[in-house]
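Undergrad: My questions all concern the structure below.
The values are calculated or read from the model by the stated rules, or taken from the named source; none is laboratory data. Predicted model, so just to flag it, every value in this text is computed and none were measured. Counting neighbours? That spans all protein chains shown, and the Cβs are built from the backbone with ideal geometry, glycine included. Protein only, heavy atoms only, side chains kept; ligands, DNA and RNA dropped before computing areas. Shrake-Rupley method; radii C 1.70, N 1.55, O 1.52, S 1.80 Å.
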Amino acid sequence: MSSAEPKTPAGFPSEAEADARLTADRFDIIALIAKADRRREAGDRRAANAYYSAAIRTAAVRPSSDPAVATEIARANVAVTWLADLFRQTLIDGMRAAGFTREQQHPRFRQSLDMMFGDVQRPAEYRQFPQKPMAHYYPDMAHVEFADTQSWDWVAKLEAAFPDMQREALALLAQHDGFQPYMKMANARPQQDHHGLLENADWSTLHLWQNGVGVDEHIARCPKIYRAVMDHVPLCHIGPRAPSVMLSLLRPGAKIPPHSGMLNSRFICHLPLVVPPDCGFRVGGSTIEWQEGKVIAFDDSVEHEAWNNSAYDRLVLIFDIWRPELSQSERDQITAMFAIVDNYR
C-alpha cells in the first residue's frame with residue numbers, strides 16, 4: 001500500500017479551469033491531470049483514476065516535448081498506483097464484510113480478482129475474436145458468439161407474446177418520442193466520441209429498466225413489452241448495472257461500429273420487434289439477420305457490430321441474463337463485488 005496520498009502542485013488549475021480547457025481540447029494532458037487532482041481532493045477517487053488514466057493514455061499516443069508534461073505524467077503514474085492499492089484494499093475488505101473471504105470465494109471468482117489486481121495474467125486466447133470485457137473478465141467461460149437458446153423454456157413464452165409486443169413497438173415508431181442517443185455526454189468522466197455516435201440519434205434507446213429501477217413513463221407507453229420481459233425472462237440483476245431492458249432504435253443507413261461490452265458473465269439477448277430487410281448483426285466471426293419475434297443471445301464481450309442498410313427504422317428489444325453455467329454462489333459474489341465497486345468513491 002502506498003504510504004501517502006499524492007499532492008497537487010501549488011498553482012495547478014482549478015477544476016473549473018480544467019473543465020474549460022477540456023471543453024476546448026479534450027486531449028489537454030495538464031487539464032486532464034488537474035481534473036484528476038481536483039476529483040481526488042473531493043474524494044471522488046473513481047473519477048480521479050479515470051482522468052489520470054486518460055492523461056497517461058493521451059501522452060502515449062500524443063507525446064509532448066514539454067518537460068513539464070513529462071513531470072506531470074510521472075506524477076499521474078504514481079497517483080494511479082496509489083489509487084489501485086486503495087481500491088484493492090477496499091474491495092478485499094468489502095468482500096470480507098459481505099461474507100466472502102478469499103477462502104470462501106468460488107475458485108473462478110477468486111481468479112477473476114487476481115487478474116483484476118494484476119497478480120496473475122489472463123490466459124492467452126489464440127483466436128481472432130477473444131472475449132474482451134471492458135469492466136470484468138470472468139475466467140473459464142466457454143467461448144460463445146451466439147448461444148443456443150433452444151433449451152431455455154422462457155424463450156418460447158416470451159416469443160408467444162410477440163404479436164402484442166410488436167403492436168406496441170409500431171406505435172412507438174410512429175411517434176419516436178422519448179428515444180435518446182445511446183451514447184450520451186457524461187461530464188463526470190473523460191469523454192470520447194465513439195465513431196461519431198456521441199449524442200447521435202442514429203442509434204437511440206428507450207429504457208424500460210435502467211440503473212436498477214423501472215422507468216415508469218416509458219413502461220406506461222409499452223406495458224405489454226415490459227410485462228412480458230418481467231414475467232418470463234430470468235434477468236441478470238447487478239445493482240444499477242444490470243439488467244438494462246431497452247428498445248434499441250437504429251435509423252435508416254445507420255451503423256453501430258465494432259465494439260465490446262462490459263462483462264463476459266452474462267449474455268445479451270435481442271428480441272427483434274421491427275426489422276426491415278438489409279439489416280444485419282455480427283458477433284465475432286458469425287453474422288446473422290434478425291428475425292422478427294425470434295430471440296437471440298450472445299456474448300457481448302466478443303467484438304460485435306450492427307447495421308441498417310434499409311430505408312426504414314429497425315427496433316430491437318434488448319435485455320441481459322446471467323450465463324447459465326454460473327452457479328448462484330458465483331452470481332452472488334459478482335453482484336457483491338459490483339456493489340462495492342459502485343459504492344466506491
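Undergrad: Tell me which lysines have Cα within less than 25 Å of LYS294's Cα, excluding those fewer than 8 residues away on the same chain?
TA: Within the straight-line cut-off, LYS294 pairs with LYS157, LYS224, LYS255.
Undergrad: Shape of segment 130-182 from its Cα gyration tensor (a ≥ b ≥ c, root eigenvalues): rounded if a/c is under 1.5, otherwise prolate when a/b > b/c, or oblate?
TA: Values: a/c = 4.21, a/b = 1.50, b/c = 2.81.
Since a/c reaches 1.5 but b/c is at least a/b, the shape of segment 130-182 is classed as oblate.
Undergrad: Sorted from largest down, give the three principal axis spans of the alpha carbons of segment 22-93, whole angstrom values.
TA: Largest to smallest, the principal-axis extents are 42, 22, 18 Å.
Undergrad: From the Cα trace of segment 5-133, what convex hull volume per residue do you get, rounded to a whole Å³? Don't skip to the end; give the middle numbers.
TA: Numbers: hull volume 19.6 nm³, N = 129.
Measuring per residue, one finds 152 Å³ for the Cα hull of segment 5-133.
Undergrad: Another question, if that's okay. Taking the alpha-carbon distance from LYS35 and a cut-off under 18 Å, which lysines remain once sequence neighbours fewer than 8 residues away in the same chain are dropped?
TA: LYS7
Undergrad: From the helices alone, meaning DSSP H stretches of at least four residues, give me the mean residue ellipticity at 222 nm for the chain, per-run term -39500 (n - 2.57), in deg cm²/dmol to the nearest 500. Could the numbers behind the result be given before it?
TA: Numbers: 10 runs with 134 residues, N = 345.
Computed ellipticity for the chain at 222 nm equals -12500 deg cm²/dmol.
Undergrad: Consider the candidate values (i) 20.7; (ii) 22.2; (iii) 27.0; state which one is Kirkwood radius over Cα pairs in Å computed from the structure displayed.
TA: The listed entry that was calculated here is (ii).
Undergrad: Once a ≥ b ≥ c are taken as the square roots of the eigenvalues of the Cα gyration tensor of segment 54-196, is the result rounded (a/c under 1.5), prolate (a/b larger than b/c) or oblate (a/b not larger than b/c)?
TA: Numbers: a/c = 2.22, a/b = 1.37, b/c = 1.63.
Here segment 54-196 falls in the oblate category.
Undergrad: Taking the Cα atoms of segment 224-345, what is the range of coordinates along each of the three principal axes, in descending order and whole Å?
TA: Extents along the principal axes: 45, 32, 30 Å.
Undergrad: Separate question: Which is the longest part of the chain that has none of the GluC sites (Glu not before Pro) sitting in a DSSP loop with at most 14 other Cβ atoms within 10 Å? Could the numbers behind the result be given before it?
TA: On the way: sites that count: GLU125, GLU199, GLU289, GLU325.
Value returned for the longest uninterrupted segment is 1-124.
Undergrad: Also: Going from most exposed to least, what order do ASP44, ASP148 have by accessible area with a 1.4 Å probe? If you can, show how the numbers build up before the last one.
TA: Numbers: ASP44 30, ASP148 105 Å².
So, going from the largest accessible area down, we get ASP148, ASP44.
Undergrad: About the Cα centre of the chain, how large is the charge dipole given +1 on each Lys and Arg Cβ and -1 on each Asp and Glu Cβ? Please answer in debye to the nearest 20. Can you show the working numbers first?
TA: Numbers: 37 positive and 44 negative charges, 114 e Å.
The dipole of the chain has a size of about 540 debye.
Undergrad: Say each of LYS132 and MET115 gets a label point 7 Å from the Cα, pointing the same way as Cα to Cβ; how far apart are those two points in nm?
TA: Taking the simple label geometry, LYS132 and MET115 are separated by 1.5 nm.
Undergrad: Still on this structure, please answer the following. What net charge is computed for the residues neighbouring PRO258, neighbours being all others with C-beta under 12 Å from the C-beta of PRO258, Lys and Arg scored +1, Asp and Glu -1? It would help to have the intermediate numbers written out before the result.
TA: Numbers: positive: LYS132, LYS255, ARG282; negative: ASP300, GLU303, GLU305.
Computed value for this residue: 0.
Undergrad: Given a Förster distance of 56 Å, report the FRET efficiency between ALA84 and GLU217 from their Cβ-Cβ distance, rounded to the nearest 0.05. Don't skip to the answer; put the middle values down first.
TA: Values: r = 40 Å, r/R0 = 0.72.
The value I calculate is 0.90.
Undergrad: To continue, here is another question. Exposed loop chymotrypsin sites (Phe, Trp or Tyr not before Pro) only (DSSP loop, at most 16 other Cβ atoms within 10 Å): please give the longest stretch of the chain free of them, not including the sites.
TA: On the way: sites that count: PHE27, TYR126, TYR312, TYR344.
Value returned for the longest uninterrupted segment is 127-311.
Undergrad: Also, quick follow-up: Given the whole protein assembly as supplied and a 1.4 Å probe, what does the accessible area of ASP66 come to in Å², nearest 10?
TA: 70
Undergrad: Just to verify a number: what accessible area does LYS255 come out at with the full protein assembly present, 1.4 Å probe, Å² rounded to tens?
TA: Here the accessible area works out near 120 Å².
Undergrad: For the chain, give the percent of accessible area contributed by carbon and sulfur heavy atoms, probe 1.4 Å, rounded to a whole number.
TA: Ligands and nucleic acids excluded, carbon and sulfur give 51 percent.
Undergrad: May I pose another question? What base-10 log of the normalised intensity I(q)/I(0) is obtained for segment 51-115 from the Debye formula, alpha carbons as equal point scatterers, at q = 0.16, 0.17, 0.27, 0.30 Å⁻¹?
TA: -0.66, -0.69, -1.09, -1.22
Undergrad: Further, regarding this structure: Tell me, what is a quarter of the convex hull surface for the C-alpha atoms of segment 198-274, in nm² with one decimal? Present the calculation step by step, with values, prior to reporting the outcome.
TA: Working: hull surface 24.5 nm².
Across all orientations, segment 198-274 yields a mean hull projection of 6.1 nm².
Undergrad: Using a 1.4 Å probe, what is the accessible area per residue for the chain, in Å²? Numbers along the way, then the final one.
TA: Working: 16550 Å² over 345 residues.
Computed with neighbouring chains in place, this is 48 Å² per residue.
Undergrad: Also: Starting from 0 in steps of 10 Å, tell me what percent of the Cα-Cα pairs of segment 247-318 lands in each bin.
TA: That works out to 22, 56, 21, 1, in percent per bin.
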